[in-house]
1. Quick one: how many Å² of His53 are accessible to a 1.4 Å probe, rounded to 10?
2. Dividing the alpha-carbon Rg of the stretch 1-160 by 2.2 N^0.38 Å yields what?
3. Give the total of Lys-Lys pairs in the stretch 1-127 with Cα-Cα distances below 30 Å; include a pair only if its members are 8 or more places apart or on different chains.
4. Return the sequence-ordered ³J(HN,Hα) values of the stretch 48-61 in whole Hz as given by the Karplus equation 6.51 cos²θ - 1.76 cosθ + 1.60 applied to θ = phi - 60°, using x for Gly and Pro.
5. How long are the semi-axes of the ellipsoid equivalent to the stretch 94-228, from square roots of 5 times the Cα gyration tensor eigenvalues, in whole Å, largest first?
6. Quote to one decimal, in nm, the extra length available between Asn43 and Lys398 on full extension: 0.36 nm per residue of separation minus the C-alpha distance between them.
7. When only the heavy atoms of the protein chains count and the probe is 1.4 Å, how do Arg8, Arg159 rank by accessible area, highest first?
8. Taking every pair of Cα atoms in the stretch 53-127, average 1/r, invert it to obtain the Kirkwood radius, and report Rg/Rh to two decimals.
Amino acid sequence: PGIVHLLRRGLKFIFFGLVGILLVTLRYIVKTPQPLKSFLPGNDHIYKWTHGHIFYKVLGQADAPPLLLLHAPGIGASAYEMCPLMERLAQHYRVYAPDLLGFGLSDHPGMVYTADTYVKLGRDFLVEVIGQPATLLASGLSCNYSITIALDAPDLCKRVVLLSPTLLFAHSQQRLWLARMAKDPLVALVLYSIVTTPFVLRWIVARERAVGYQALSQAKLEYIAAAAHQLGGQHAALAYLAGTLDLDVTNQLERLTQPGLIVWGANVLYQTRAIASRCAIAPLKEATPIQDAGVHVQEECPDEVVASILAWSVEGEHEKASSSPAVQVQEPVVLLEEGVQQEQEVEKTVAVSAQSATQVEAYCVKCRQKRLMQNAARVVTKNGRAAMEGQCPVCGTKLFRFIAG
């Protein structure tokens, strides 16, 4: 009787488990697809790539230096994570923000997704859409892809910026059992239905971002859920969970010739000693860790991230200028006309210009707030853009800001 009782309980457990899985799968089917639109500023564009249509946004002056944003792959991932940086960077760059294949508003074809898929996408996007050397700014696994892209196409990549690249130094751990299960369409659908339930999805996203379960805002979670509930969304997402999108670039870092910058969230850097001991691999330069920030430093402290990038870029421009006359400082020239009255008018104009120059504000990376420039001077960068350059009156750090004209 005891064995029969256990057998009945086991059968009941299996039966209710199957019913639960069926209900979860039906719930996913009913709720898919969900309405989804991009909240990123800029103009909508479609890039007709080999494996599908790639949705991307563009913002910034046409003659500004190009900057390509590559978001991290993940459940419900999209360029939405770069939204806090878009307008700030567009004041200085021509910013391109695509949704990777299989994510966001881009196509979700049923194909085999690997790391090479996104390396090729980034390289082709640089060639066919941007068409000139650009700076790559990436997060998550896209940091690894950016390193490979920079090595494969050095003529298309000027600089590399990596946001808290914790996966850059992690060893790939592929889950082959999950990859094999995901090959069956029905099994993949069932697995993805479970993964995208509100409870599980919140847990996965919180774990990836290294934050508390309740730390995610409801609005952000709703957008991630909508992005996850797109037709075909399971293909790339399950490949990510299975580890088939991982890319080990440890041996490639030392061969990188382009200037590189790592912007760390201090909470992540200090908690991982293995990362802290390896993040200064040449030629990458570690930026000052941004306090009170974690993995998604671009969402938590966008002003500090942009300030770090701009300060680093200006430093690079000056390093080039030291070996070639790339930066021209425009000295004020006063042409004295005949007559005392005209001389007085000229002197008045010069005084007003000098006064306005000292009132220019710029973000200080060390003070972490805007400061009035000290000893401000007008300069012209290598690409012909006007800017003001000076010093922080508090800590003496070099300040820089682009201006009109």
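1. Estimated to the nearest 10 Å², His53 gives 80 Å².
2. Working: Rg = 21.7 Å, N = 160, 2.2 N^0.38 = 15.1 Å.
After normalising by residue count via 2.2 N^0.38 Å, the value is 1.43.
3. Taking the Cα cut-off of 30 Å, the pair count is 9.
4. Running phi through 6.51 cos²θ - 1.76 cosθ + 1.60 with θ = phi - 60° gives 7, 8, 4, 9, x, 7, 10, 7, 8, 10, 10, 8, x, 5 Hz.
5. Numbers: eigenvalues 160, 71, 49 Å².
Taking √(5λ) for each Cα gyration eigenvalue gives 28, 19, 16 Å.
6. Details: separation 355, 0.36 × 355 = 127.80 nm, distance 3.40 nm.
This chain segment gains 124.4 nm when fully extended.
7. Details: Arg8 160, Arg159 20 Å².
Order by accessible area, largest first: Arg8, Arg159.
8. Details: Rg = 12.7 Å, Rh = 12.9 Å.
Result for the stretch 53-127 is an Rg/Rh of 0.98.
The values are calculated or read from the model by the stated rules, or taken from the named source; none is laboratory data. Computed from a predicted structure; not experimentally measured. All Cβ positions, glycine included, derive from the backbone under ideal geometry; neighbour counts span all protein chains shown. Remember, those area values only see protein heavy atoms, side chains included, never the ligands or the DNA or RNA. Shrake-Rupley method; radii C 1.70, N 1.55, O 1.52, S 1.80 Å.
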